[in-house]
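Novice: Below you'll find the structure I mean.
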Amino acid sequence: MHDYDYPRGMSAGRICLEISLKPFRKTDDEYIDKICRELFDGWRELLRYASGCAVLLWCGDGSEILEYSGNLNDAFEWGRYIGIGNPDSDHPPCDIADYPEYESLHTRPVFYTENPPEMRYSDLRRIITALKRISREICGFEAEVGATFDPGPEFAYSEFKYHRHREIARGNIMGASQWVHCAARLRGDKHSYAAFPEGIEEGTHFGHFLGKQYTALARDVGFDYIWLSNGFGYSLDSWNWTGELFNGESFDYSGAEGVKNSIGEFWREFIAAIGNTRVETRGSNLSSGMDIAAHGSPLGDIYACPNLLAPPNSPWAALNFRFGLELAGYMSHIAALPQKGFIFRYYTHDPWWHNSPWFDRYGRSPHDIYLPLGIARLDSEGRITKPYGINILSADDSYGNMPRRCPVEVTPHILDALSRYPDEAGMLTWVYPIAYYLEGKNPADIFMDDWLMENAIDNGFPLNTVISDENFALSDMENFRRSVLVMPVPAAGSHLDKALVKAYDSRLNILLYGCTKKASAELRAILGITDAPPIDGDLILDTTLYRDSVSGADTPLIHHDPLLSGGGIHETYNGDSSAAVMAQVTKGDDTRLYASHNGTLVWIRGSFPHARTKGSLPNPLSPDKYFPVSSLLRGALELFGIRIRFIAERSENLPVISNSRSANALFVSAYARDTTARVLLSYPEGAPVISDTECVLDEKGAEYTLSRWQSAQCRVFAKQKRRTTVSCEIRTAEHPALAHRILLRGLDDATITFFPPRGAYLRMVTNRPGINEKDNTEKVWSDDGRCVTASHITGYIYISWSAG
């Protein structure tokens, strides 16, 4: 019997369609209904698997909330532009036909259509009412409708933020004094607002004002929840790697407590004003550790708020290709969770900036679906936590169109990724020390950690699973028997240090990174570490760890910035023969230890992998001059039987790889910005022979030429000495008792390990047609019943199995 359909009971959770008001070119009831039907009908197939539905309305930039007077007949500013919503007076918006040939949308906006309609709050109420009514008809449940607030100048003109109350725009993203800070207090004014009919009193907290105004507007037009955009509520400069505690050149924590308290005060004021309303947040473009170390973000206080959703994956990787930052940031955001959980967000269209990422940034490649939806978040019992839902940003494009081709092409990939969502820990599990980071004892010490992991992922480190340090400490260590634990060096006596001891005593595979100056004496002794005066700057690296066959990767030079790397490198080898040296660095006559291992415990010192550059993000160090130290993390995996090696012309733009597990199969997902790169893979069970592919197999592993993206099942692992081309072909099952059949060709005295679905009936037939043939292969099952191994296979073999 076939089992080609999606798993029984598969749920996408709540599906949220984000949309601007641009599609509503006319505001009569008939036209509003037409647009609402088009919206839900376009995403009908995805909505079939939803447990709920929402529409996030990008009316403007949130100033429609701030300006609301309580009069539904008032018109409001809305996002009727393409480009910057708040240009200077010399660059007013114009029609498309009149747009200057060489001008930038960041300087002058353009109206998205001729004569865009005026929008009144009464129109907004009718649109929300129609969305709820028509969603009931098409989806079978009523959509919740969310309001949006953005701190920046992009989305709509704002009299409130940039003229009447400039005191709230304290951040310098997108220009000086352009970014609203949640901690701001308002100057008094005499305007009439819905929640403040007599005007704003001097010193009113912005969180109180925003919350009260939202509540009044929601009551009158029908909003159900609010979305806080672009890092609002988390930090002042949420797009930047620098912040209130780190200016790019030095750390200053003298005001850290004040920063934390001021942001915490916003949340207390805001939550008190909105009551039990659900709050969804975009978060920053960074990781939790980065937010804490550079910005003083009080994530613990924020996550303690009721009815809060954690930030989703950032959409910025579509713009800058830094998928390591997206994936590391996403994992850090969901390691510990607020009350309502987390979501996955996918960037299909941009309603503001004249681009539609599915078509012109991703090039219709679904890698940014499969990579983040291959992430596994574990609770304290080792169980997977699935997303609360999926957001589509956005259903409409910059011109207010909703091209049906987009959902038709995107939906199958989302459903495919959900159908094999991870159900156990992957090959690597990141033990993310969010509780330790939130203690905030010296944030400079943790600054390097997440940047190292971000860069490691961009260099092919196959990280896909995360668990918080507190959940890890409560876990049964057997949950991680098939996973390498990846974590920063814990401080002596911390709960993570105690959990590490338990993991080490359980003989689990552990990869540590970071400075050891706060580590326990016992851990330092195991790793063969003693102290010497620190060295830093440009250093010569000598390592036994594998380096890729990549032009420039043979440089021996690394750069260690002590300010951003938790200090200089003070570790030196103590001569203990039980610990093996894997890497050392030298400056003049001084040599220091950079990596060592002892049994199942591996340590790499690590260095901040980027240059101190101006701009929102630090740029990687020049690959022509410096060896990428984060690639040593991937090289160290070979000690655990995980070999991932690249053959490429350049060390930039190496493939991003994820290995997730579902239904006892491995799913290998990859994005190759450079499709001339090749990858050699070998795992503890053998080289992965990925379904419906060919590879060159020998004793080193399986070599693949990657396409731009791939995400495929792997149940077969092979070991053999002689180099041959091996293929794994999907064939028809033929027999009604079977669901699947594959054909492996090109084997030469190979050992094959196969992972069937749990409970499946299995048949393996060597060098015979395999249709209704008896099993003629000697097999040995593993002790845990997960896999079966057959040896000395030459030629071809059919493997068939039932649905399980």
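The values are calculated or read from the model by the stated rules, or taken from the named source; none is laboratory data. Everything numeric here is computed off the predicted structure, so don't read it as measured data. We place every Cβ from the backbone using ideal geometry, glycine too, and count neighbours over all the protein chains shown. Surface areas here come from the heavy atoms of the whole protein model, side chains and all, with no ligands, DNA or RNA. Shrake-Rupley method; radii C 1.70, N 1.55, O 1.52, S 1.80 Å.
Novice: Any chance region 534-541 includes a residue that's loosely packed, with under 14 Cβ neighbours inside 10 Å and touching a residue at least 24 places away in the same chain (Cβ under 8 Å)? Please lay out each step first, then the result.
Specialist: Step one: of region 534-541, the residues loosely packed, with under 14 Cβ neighbours inside 10 Å are 537-538.
Now drop any that are not touching a residue at least 24 places away in the same chain (Cβ under 8 Å), which leaves 537-538.
Looking for residues that are loosely packed, with under 14 Cβ neighbours inside 10 Å and touching a residue at least 24 places away in the same chain (Cβ under 8 Å), one finds at least one in region 534-541, hence yes.
Novice: Right, here's the next one. Here is a list: GLY222, GLY233, GLY175, GLY207. Which entry is of a type outside the set (S, T, N, Q) and at negative phi?
Specialist: On the way: GLY222 fails: at negative phi; GLY233 fails: at negative phi; GLY175 fails: at negative phi.
After applying the criteria, what remains is GLY207.
Novice: Need a quick list: helices (runs of 4 or more DSSP H) entirely within region 271-387 having at least 2 residues that are under 19 Å from PRO433 (Cα atoms).
Specialist: Working: elements: 288-295, 299-303, 317-320, 323-334, 357-360, 367-370.
Qualifying helices (runs of 4 or more DSSP H): 288-295, 299-303, 323-334.
Novice: Could you give every pair whose Cβ atoms fall below 8 Å, whose first residue belongs to region 582-600 and is at positive phi, and whose second residue is open to solvent by 10 Å² or more (accessible area, probe 1.4 Å), counting only separations of at least 6 or pairs across chains?
Specialist: GLY599/ARG507
Novice: Separate question: So which residues in region 658-680 are out of contact with any helix residue (DSSP H, G or I) (no Cβ under 9 Å at 6 or more places or on another chain) and not in a loop (DSSP other than H, G, I, E, B), if there are any at all?
Specialist: Scanning region 658-680 gives ARG661, ALA665, LEU666, VAL668, ARG678, VAL679, LEU680.
Novice: Then there's this: Looking only at region 443-482, filter to residues that are over 23 Å from SER630 (Cβ atoms) and either part of a loop (DSSP other than H, G, I, E, B) or basic (Lys, Arg) (or both); which one of those is least open to solvent (accessible area, probe 1.4 Å)?
Specialist: SER475
Novice: Identify all residues within region 262-319 that are of a type in the set (D, E, K, R) and in contact with a strand residue (DSSP E or B) (Cβ under 8 Å, 6 or more places away or on another chain); write none if there are none.
Specialist: Looking only at region 262-319, we keep the residues that are of a type in the set (D, E, K, R), and these are 265, 268-269, 278, 280, 282, 291, 301.
Listed by number, the residues that qualify are GLU265, GLU269, ARG278, GLU280, ARG282.
Novice: Sticking with this structure for a sec: Determine whether GLY231 is touching a Cys at 6+ places or on another chain (Cβ under 7 Å) and closer than 21 Å to PRO298 by Cβ. Explain how you work it out, then say what you get.
Specialist: On the way: touching a Cys at 6+ places or on another chain (Cβ under 7 Å): no; closer than 21 Å to PRO298 by Cβ: yes.
No, not satisfied.
Novice: Starting from residues that are among the small types (Gly, Ala, Ser) and surrounded by fewer than 16 Cβ atoms within 10 Å (Cβ to Cβ), keep the ones in region 542-566 and report whichever is modelled with the lowest pLDDT. Explain how you work it out, then say what you get.
Specialist: Taking region 542-566 as the starting set, the residues that turn out to be among the small types (Gly, Ala, Ser) are 549, 551-553, 565-566.
Within this subset, residues satisfying the condition of being surrounded by fewer than 16 Cβ atoms within 10 Å (Cβ to Cβ) are 549, 551.
On the way: SER549: 77, SER551: 65.
The residue in question is SER551.
Novice: Separate question: Given the conditions (1) surrounded by fewer than 24 Cβ atoms within 10 Å (Cβ to Cβ); (2) under 19 Å from the mean Cα position of the chain (by Cα); (3) over 30 Å from SER616 (Cα atoms), report the number of the one that LEU393 does not fulfil.
Specialist: With respect to (1) surrounded by fewer than 24 Cβ atoms within 10 Å (Cβ to Cβ); (2) under 19 Å from the mean Cα position of the chain (by Cα); (3) over 30 Å from SER616 (Cα atoms), LEU393 is out only on (3).
Novice: Another question, then. Just checking, how many residues over region 203-232 are among the small types (Gly, Ala, Ser), open to solvent by 10 Å² or more (accessible area, probe 1.4 Å) and in a helix (DSSP H, G or I)? Break it down stepwise before answering.
Specialist: Just the residues of region 203-232 that are among the small types (Gly, Ala, Ser), to begin with: 203, 207, 211, 216, 218, 222, 229, 231.
Within this subset, residues satisfying the condition of being open to solvent by 10 Å² or more (accessible area, probe 1.4 Å) are 203, 218, 222.
Imposing the further condition that a residue be in a helix (DSSP H, G or I) reduces the set to 218.
Going through region 203-232 one residue at a time, the tally reaches 1.
Novice: Tally time: how many residues in region 165-192 are closer than 20 Å to GLU269 by Cα, open to solvent by 30 Å² or more (accessible area, probe 1.4 Å) and in contact with a helix residue (DSSP H, G or I) (Cβ under 7 Å, 6 or more places away or on another chain)?
Specialist: So the answer is 2.
Novice: Right, something else. Can you tell me which of SER262, SER287, SER250 is small (Gly, Ala, Ser) and either under 30 Å from VAL145 (Cβ atoms) or open to solvent by 40 Å² or more (accessible area, probe 1.4 Å) (or both)? Break it down stepwise before answering.
Specialist: Values: SER262 fails: either under 30 Å from VAL145 (Cβ atoms) or open to solvent by 40 Å² or more (accessible area, probe 1.4 Å) (or both); SER287 fails: either under 30 Å from VAL145 (Cβ atoms) or open to solvent by 40 Å² or more (accessible area, probe 1.4 Å) (or both).
The conditions single out SER250.
Novice: Only residues that are in a helix (DSSP H, G or I) and either open to solvent by 40 Å² or more (accessible area, probe 1.4 Å) or closer than 28 Å to ASN247 by Cα (or both): list them for region 593-635, please. Show your work before the answer.
Specialist: Of region 593-635, the ones in a helix (DSSP H, G or I) are 631-635.
Passing the criteria: only SER631.
Novice: Further question on the same structure: Considering region 120-150 alone, what residues qualify as being open to solvent by less than 10 Å² (accessible area, probe 1.4 Å) and farther than 30 Å from ILE168 by Cα?
Specialist: Our first condition is that a residue be open to solvent by less than 10 Å² (accessible area, probe 1.4 Å); within region 120-150, this holds for 121, 124, 127-128, 130-131, 134-135, 143, 145-150.
If the condition is that a residue be open to solvent by less than 10 Å² (accessible area, probe 1.4 Å) and farther than 30 Å from ILE168 by Cα, then ILE127, ALA130, LEU131, ILE134, SER135, ALA143 are the ones that fit.
Novice: Between GLU694, GLU649, GLU699, GLU685, which is open to solvent by 20 Å² or more (accessible area, probe 1.4 Å), more than 26 Å from the chain's Cα centre (by Cα) and either under 23 Å from ASN320 (Cβ atoms) or among the aromatic types (Phe, Trp, Tyr) (or both)?
Specialist: Values: GLU694 fails: either under 23 Å from ASN320 (Cβ atoms) or among the aromatic types (Phe, Trp, Tyr) (or both); GLU699 fails: either under 23 Å from ASN320 (Cβ atoms) or among the aromatic types (Phe, Trp, Tyr) (or both); GLU685 fails: either under 23 Å from ASN320 (Cβ atoms) or among the aromatic types (Phe, Trp, Tyr) (or both).
Selected residue: GLU649, the only one of GLU694, GLU649, GLU699, GLU685 that is open to solvent by 20 Å² or more (accessible area, probe 1.4 Å), more than 26 Å from the chain's Cα centre (by Cα) and either under 23 Å from ASN320 (Cβ atoms) or among the aromatic types (Phe, Trp, Tyr) (or both).
Novice: Residue by residue through region 549-592, note down the ones that are of a type in the set (A, V, I, L, M, F, W, C) and either assigned to a strand (DSSP E or B) or within 30 Å of LEU680 (Cβ to Cβ) (or both). Talk me through it step by step, then tell me what you get.
Specialist: So the first thing to find is which residues in region 549-592 are of a type in the set (A, V, I, L, M, F, W, C), and the list is 550, 553, 557-558, 563-564, 569, 579-583, 585.
Selection gives VAL550, ALA553, LEU557, ILE558, ILE569, ALA579, ALA580, VAL581, MET582, ALA583, VAL585.
Novice: Then there's this: Taking the stated definitions as given, is ALA54 open to solvent by less than 60 Å² (accessible area, probe 1.4 Å) and either out of contact with any Asp or Glu (no Cβ under 8 Å at 6 or more places or on another chain) or closer than 21 Å to SER229 by Cα (or both)?
Specialist: Details: open to solvent by less than 60 Å² (accessible area, probe 1.4 Å): yes; either out of contact with any Asp or Glu (no Cβ under 8 Å at 6 or more places or on another chain) or closer than 21 Å to SER229 by Cα (or both): yes.
Here the answer is yes, as ALA54 does meet what is asked.
One line per residue, one yes/no per condition, for (1) in contact with a strand residue (DSSP E or B) (Cβ under 7 Å, 6 or more places away or on another chain); (2) over 21 Å from ASN401 (Cβ atoms):
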site: PRO100; (1), (2): no, yes
site: LEU105; (1), (2): yes, no
site: PRO117; (1), (2): no, no
site: SER135; (1), (2): yes, no
site: GLY140; (1), (2): no, yes
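Novice: May I ask you to list the residues in region 1-57 that are out of contact with any strand residue (DSSP E or B) (no Cβ under 6 Å at 6 or more places or on another chain) and of a type in the set (Ser, Thr, Tyr)?
Specialist: The answer is TYR4, TYR6, THR27, TYR31, TYR49.
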